[in-house]
Amino acid sequence: MPKDFLNQKIVTSSCEETQKLGKRFARFLKPGDVVALFGPLGSGKTCLIQGICKGLGVKKNVTSPCFVIINEYYGKLKIYHFDLFRLEKKEELENLGYEEYFFGEGVCLVEWAEKAEKLLPKDRIDINLKILSEKKREIKIKKIEDK
């Protein structure tokens, strides 16, 4: 992952800019990567994921899987898009067999990752999104490694 992405505060001014950032970021993802997205409602998590999916060659319309918890997409890599907003207990994720996804060969994109933080792999990429104004978002990308 290049230094211009890691530990930098990147400010975007629209959903389109956030998607462009996601598209650029996608070039550095590889099989087995888990990307955990943290941020309040409306902070741009889905916009960023739409850009990541586009950057990985997904042609299908990407939306949050609010009612099913996970959507699968196919592009250059297999993509598992989790939305944990409605998750009430970690057992729900355990019942889905989350390990097969988190420790598999696809790329996992996890919205509302704070709801499953104890289940996330120690090696992952965390993205924190913060609302600065109606249109501006601050995005910070950090590589987490098990040492």
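Looking only at the range 99-129, filter to residues that are touching a Leu at 6+ places or on another chain (Cβ under 9 Å) and assigned to a loop (DSSP other than H, G, I, E, B); which one of those is farthest from Glu72 (Cα to Cα)? Only one residue tops the list, namely Trp112.
Among the residues of the range 13-26, some residue qualifies, meaning at least one is assigned to a loop (DSSP other than H, G, I, E, B), small (Gly, Ala, Ser) and modelled with pLDDT of 95 or more. Evaluation of Ile131 against the conditions (1) modelled with pLDDT of 90 or more; (2) of a type in the set (Val, Ile, Thr); (3) farther than 18 Å from Pro31 by Cα; (4) buried (at least 19 other Cβ atoms within 10 Å of the Cβ) shows that the sole unmet condition is (4).
Within the set Ala26, Ala36, the sole residue that is buried (at least 19 other Cβ atoms within 10 Å of the Cβ), farther than 11 Å from Ile127 by Cβ and aliphatic (A, V, I, L, M) turns out to be Ala26. What single numbered condition from (1) modelled with pLDDT of 95 or more; (2) assigned to a loop (DSSP other than H, G, I, E, B); (3) among the aliphatic types (A, V, I, L, M) fails to hold for Leu48? It fails just one condition, (2). Only one of the numbered conditions (1) touching a residue at least 40 places away in the same chain (Cβ under 8 Å); (2) crowded, with 19+ Cβ neighbours inside 10 Å; (3) under 19 Å from Ile79 (Cα atoms) is violated by Thr12, and that is (3).
Given the structure, is Leu41 of a type in the set (A, V, I, L, M) and surrounded by 13 or more Cβ atoms within 10 Å (Cβ to Cβ)? So Leu41 does not fit the description; no. I'd like to know if the range 55-70 contains one or more residues that are within 27 Å of Glu17 (Cα to Cα) and part of a strand (DSSP E or B). The answer is yes; a qualifying residue exists. Going residue by residue through the range 87-98, is there one that turns out to be surrounded by fewer than 15 Cβ atoms within 10 Å (Cβ to Cβ) and small (Gly, Ala, Ser)? Among the residues of the range 87-98, at least one is surrounded by fewer than 15 Cβ atoms within 10 Å (Cβ to Cβ) and small (Gly, Ala, Ser), which makes the answer yes.
The values are calculated or read from the model by the stated rules, or taken from the named source; none is laboratory data. On a predicted model such as this, the values are computed, not experimentally measured, just so you know. When we count neighbours, we look across all protein chains shown, and the Cβ atoms used for this are built from the backbone with ideal geometry, even at glycine.
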